[in-house]
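Asker: Structure in structure tokens, see below.
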Amino acid sequence: VLVKGQHWQWGYGPHAPLYTWLMLLFFKVLGSSTFSLNLLRECVLFGVYLLTFLKTTHLTRSHVCGAAAAVALQFHPAIVWESQRELTHSPVASLMILATLYAFLMLRPDKWAGWVVFGICLGLSLLSKYNAALFCGALLIGVLWGPQVRKQALCLKMAVALGVMLAVV
């Protein structure tokens, strides 16, 4: 990534560009160093824990459940060990998928801003790792499947969210 990621591109071989773009931003601000890479990794992992807490708290209405869900991530080897040792794009994809899910949960029929944020998160998820498209597709299919959610989601605001997603990608 350090060798191929010297320039802004839409893709870096088999990898989606978001992690490399974040890395380039951290290098511009903090300089090219292992500190910059480690700080980026830790910020991404903090975001995964935070969004897990927020999403779970929102769904269960319990801070205890939110904290338990965030602590439970400590038992997942890909997060605890591999994300510290080797993984780059997968933690960013996890962060963006959690952000997309949280933005979806926070959607309100009368607020346009939430739909725009949802579209941005969808687009960034697709730029984080290509297999995030499976999550995005499953989420949109799930929206169409549930009758109550379908009524609220099949509207001009969803079209705007999908348009924003395409603009981001």
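The values are calculated or read from the model by the stated rules, or taken from the named source; none is laboratory data. No experiment lies behind these values; they were computed from the predicted model shown. Every residue, glycine among them, receives a Cβ derived from its backbone with ideal geometry; neighbour counts consider all protein chains shown. Accessible surface areas use protein heavy atoms only, side chains included; no ligands, DNA or RNA. Shrake-Rupley method; radii C 1.70, N 1.55, O 1.52, S 1.80 Å.
Asker: Of the listed values [x] 29, 21, 13; [y] 25, 22, 15; [z] 34, 23, 18, identify the label whose number matches semi-axes √(5λ) of the Cα gyration tensor in Å calculated from this model.
Answerer: Of the listed options [x] 29, 21, 13; [y] 25, 22, 15; [z] 34, 23, 18, [x] comes from this structure.
Asker: Hey, another quick one. Let me check against my output: what whole-number percent is the relative contact order of segment 68-150, with C-alpha pairs under 8 Å and at least 6 apart? All intermediate terms of the calculation are to be shown ahead of the outcome.
Answerer: On the way: 48 pairs, mean separation 20.4, N = 83.
In percent, rounded to a whole number, it is 25.
Asker: Hey, another quick one. Separation between the A159 and A113 pseudo-spin-labels, each 7 Å from Cα along Cα→Cβ, expressed in nm?
Answerer: Taking the two extended label points, one gets 2.5 nm.
Asker: Taking only C-alpha pairs under 8 Å that are 6+ residues apart, what is the relative contact order of segment 1-158 in percent?
Answerer: It comes to 22 percent, rounded to a whole number.
Asker: Does anyone have the angle between helix 18-30 and the longest principal axis of the chain? Alpha-carbon axes, 0 to 90°, nearest 10?
Answerer: The two axes meet at around 50 degrees.
Asker: Please report, as a whole percent, how much of the solvent-accessible surface of the chain comes from carbon and sulfur atoms (probe radius 1.4 Å). Walk me through the intermediate numbers first.
Answerer: Details: 6970 of 9740 Å².
C and S atoms contribute 72 percent here.
Asker: Turning to a different aspect of this structure: How much accessible area per residue does segment 28-164 have, counting only protein heavy atoms and a probe of 1.4 Å, in square angstrom? Before the final figure, lay out each step's value.
Answerer: Working: 7760 Å² over 137 residues.
Each residue of segment 28-164 exposes 57 Å² on average to a 1.4 Å probe.
Asker: Of the peptides 41-51, 75-85, how do they stack up when ordered by the mean number of other Cβ atoms within 10 Å, highest first?
Answerer: Working: 41-51: 16.9, 75-85: 12.6.
The densest-packed peptide leads the list: 41-51, 75-85.
Asker: Let me ask something else. Could you work out how much longer the chain between N38 and V71 gets when fully extended? Use 0.36 nm per residue separation minus the Cα distance between them, nm to one decimal. Can you show the working numbers first?
Answerer: On the way: separation 33, 0.36 × 33 = 11.88 nm, distance 2.12 nm.
Value of the extension gain: 9.8 nm.
Asker: Then there's this: Go ahead and run the numbers for FRET between E82 and R150, Cβ-Cβ distance against an R0 of 45 Å, rounding to 0.05.
Answerer: Values: r = 38 Å, r/R0 = 0.84.
Using R0 = 45 Å, I get an efficiency of 0.75.
Asker: Considering only the other residues whose Cβ falls under 12 Å of the Cβ of L87, what net charge follows from Lys and Arg at +1 and Asp and Glu at -1? Numbers along the way, then the final one.
Answerer: On the way: positive: R41, R85, K129; negative: E82, E86.
Spelling it out: positives minus negatives among the neighbours equals +1.
Asker: Per DSSP H run of at least 4 residues, take -39500 (n - 2.57); add these up for the chain, divide by its residues and hand me the 222 nm value, nearest 500 deg cm²/dmol. Each step should come with its number before you reach the end.
Answerer: On the way: 8 runs with 118 residues, N = 169.
Helix contribution divided over all residues of the chain: -23000 deg cm²/dmol.
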